[in-house]
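Q: Can you read through this structure? Questions will come right after.
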Amino acid sequence: KKKEIKRILPEIVEFAELSDFIKEPVKIYSSGMYMRLGFAIAAYVNAPILLIDEVLAVGDEHFSKKCISKIREFQKEGKTIVFVSHNLPLVAELCHRVCLLEKGQVKKIGSPEEVINIYKSSIEPEPPKAEEILRYGDKRVSIDKIEINGKSENFVFNSKEEVSFNIFYKIHIFF
């Protein structure tokens, strides 16, 4: 193992872009530097399963793109990747199967689009009741009802779904 680490160390350091700091104690590294090193080690030790937990949440855009490129490389090689993230666009982009956890329990396993929509609908706040809505203006026009995709009660829709709005209003004429 030591020979293998010694052999791949230059690649790890180069990928992590830490050549100026590699001889410094890790305890002085910033969270971004620590994340870079961690991802680089995981990327080059040739593990059969790669666990990526919010690694792309820390660091600059350039390094995030490098990591995404490396993840795509692993996907082409057929490696197993467990990608843990709240970055929904990235989950949709990188994953072909998604598991939604709620309080440590599996809530849903399925396609990214299906599971992301379930997650989004679970975190949507309840729409306010009519009596809770603040009204503004001079009351010359009032909105009676809004429909989204023909529905007046459920305002949740899929991320790639076309959306149409119907606004029902009254014009009040005061003499």
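The values are calculated or read from the model by the stated rules, or taken from the named source; none is laboratory data. None of these values were measured; they are calculated from a predicted model. Cβ atoms come from the backbone with ideal geometry, glycine included; neighbour counts cover every protein chain shown. Protein only, heavy atoms only, side chains kept; ligands, DNA and RNA dropped before computing areas. Shrake-Rupley method; radii C 1.70, N 1.55, O 1.52, S 1.80 Å.
Q: Determine the percent antiparallel among the DSSP beta bridges restricted to the chain, to the nearest 5.
A: Beta bridges within the chain, antiparallel portion: roughly 70 percent.
Q: Extending each Cα 7 Å along its Cβ direction at K145 and V163, get the distance between those two points in nm, one decimal.
A: That separation, rounded to one decimal, is 2.1 nm.
Q: Oh, and also: Report, by chain and number, residues whose modeled amide H sits under 5 Å from the one on I81, excluding near sequence neighbours (fewer than 5 apart, same chain).
A: Correct list: L50.
Q: Let me ask another. Indicate the helices, whole DSSP H runs only, in the chain that combine a mean Kyte-Doolittle hydropathy of 0.0 or more with a Cα extent along their long axis of 18 angstrom or more.
A: 31-44
Q: Could you state the accessible area per residue of the chain in Å², with a 1.4 Å probe and every protein chain left in place? Present the calculation step by step, with values, prior to reporting the outcome.
A: Working: 13470 Å² over 175 residues.
Value returned for the chain: 77 Å² of accessible area per residue.
Q: If you don't mind, there's one more thing I want to ask. Looking at the chain as a GNM with Cα springs under 10 Å, which of R36, R97, R140 has the largest mean-square fluctuation?
A: Checking each option, the largest mean-square fluctuation is seen for R140.
Q: In addition: Summarise the accessible area of the chain (1.4 Å probe, protein heavy atoms) by the percent that is carbon and sulfur. All intermediate terms of the calculation are to be shown ahead of the outcome.
A: Values: 7510 of 13470 Å².
That share works out to 56 percent.
Q: What FRET efficiency comes out for Y136 versus N87 if R0 is 45 angstrom and r is the Cβ-Cβ distance? Round to the nearest 0.05.
A: E(calc), rounded to 0.05, equals 0.80.
Q: Here's another thing I want to ask about it. Find how many whole Å separate the alpha carbon centroid of region 134-151 from the alpha carbon centroid of region 1-61.
A: 54
Q: Tell me, what does the Kirkwood hydrodynamic radius of the chain come to in angstroms if you use every pair of distinct C-alpha atoms?
A: Taking every pair of different Cα atoms in the chain, averaging 1/r and inverting gives 20.6 Å.
Q: Strictly over 31 Å apart at the Cα level, which of K120/K170; K1/K79; K108/K145; K2/K108; K27/K107 would you flag in this model?
A: Listed pairs above 31 Å: K120/K170; K108/K145; K2/K108; K27/K107.
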